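Structure, as structure tokens:
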Amino acid sequence: MAWTDSRVFAAFLADSISNTAEFDLSGASVNTFNVSLIGTNSTPDKDAVAASTAYNTGAFTADKITDTGTSAPAGWPTVGRPLVTPAVTTAAGTLKWDAVDTASANAVTTLTATFGCLIYSDTLATPVVDQGVCFNYFGGTQSVTLGTFTIVWNTAGIFTITY
């Protein structure tokens, strides 16, 4: 069963606040983040334990989407594309995490049945390797044939937290 919304993992928030995991959402010094594409057969759980939010675990084990085009290297590899220039800003009682729109590495990418994505720390090792930050729903199934696949992040950010 597929999901119908975007969520931040509770484990990410708890591990960040309790300093169990060192997430640097600016990506400047500690973390780099990847955006892995997910198909319709996964059902992400915002309340999953940290180990089940990571890349290639839990709901993200078997439903990863990768470029099936004929060019090498892949326009969108299974491990995902890097999140470029992530940044945290605050204004008017809202914390926003945002980044540059994420695009395939080439203009001959072929992707089918892409439903959403998992954003995870590609460098984090404690408490869990490749721990997930959030999952984002694309509003339905998306595809591209021999073109550029781009995730246009919402103007409100990848996620926002109201305080």
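The values are calculated or read from the model by the stated rules, or taken from the named source; none is laboratory data. Since we're looking at a predicted model, the values are computed, not measured. We place every Cβ from the backbone using ideal geometry, glycine too, and count neighbours over all the protein chains shown. Accessible surface areas use protein heavy atoms only, side chains included; no ligands, DNA or RNA. Shrake-Rupley method; radii C 1.70, N 1.55, O 1.52, S 1.80 Å.
Annotations for the structure displayed:
- Any hit, the stretch 54-68, residues being part of a loop (DSSP other than H, G, I, E, B), within 26 Å of TYR163 (Cα to Cα) and modelled with pLDDT under 90: no
- Residue among ALA62, ALA51 that is in contact (Cβ under 8 Å) with a residue 24 or more places away in the chain, closer than 23 Å to TRP3 by Cβ and either of a type in the set (Asp, Glu) or open to solvent by 50 Å² or more (accessible area, probe 1.4 Å) (or both): ALA51
- The stretch 84-104 - residue that is open to solvent by less than 60 Å² (accessible area, probe 1.4 Å) and part of a loop (DSSP other than H, G, I, E, B) and, of those, nearest to THR162 (Cα to Cα): GLY93
- Taking each residue of the stretch 1-22 that is at negative phi and looking for partners that are surrounded by 15 or more Cβ atoms within 10 Å (Cβ to Cβ) and among the acidic types (Asp, Glu) with beta-carbon atoms closer than 8 Å, six or more apart or interchain, yields ALA21/ASP15.
- Just one residue in the set PHE135, PHE149 is modelled with pLDDT of 95 or more and touching a Pro at 6+ places or on another chain (Cβ under 6 Å); that residue is PHE135.
- Residues that are surrounded by 15 or more Cβ atoms within 10 Å (Cβ to Cβ), at pLDDT below 90 and closer than 20 Å to GLY116 by Cα within the stretch 31-48 comprise THR40, SER42, listed in sequence order.
- Only one entry in THR102, THR145 is in contact with a Leu (Cβ under 9 Å, 6 or more places away or on another chain), in contact (Cβ under 8 Å) with a residue 24 or more places away in the chain and closer than 29 Å to SER52 by Cβ, namely THR102.
- Selected residue (criterion: surrounded by the most Cβ atoms within 10 Å (Cβ to Cβ)) from residues of the stretch 117-161 that are among the β-branched types (Val, Ile, Thr) and in contact with a helix residue (DSSP H, G or I) (Cβ under 8 Å, 6 or more places away or on another chain): VAL133
- Meets criteria (small (Gly, Ala, Ser), at pLDDT below 95, in contact with a helix residue (DSSP H, G or I) (Cβ under 6 Å, 6 or more places away or on another chain) and in a loop (DSSP other than H, G, I, E, B)) for ALA28: no
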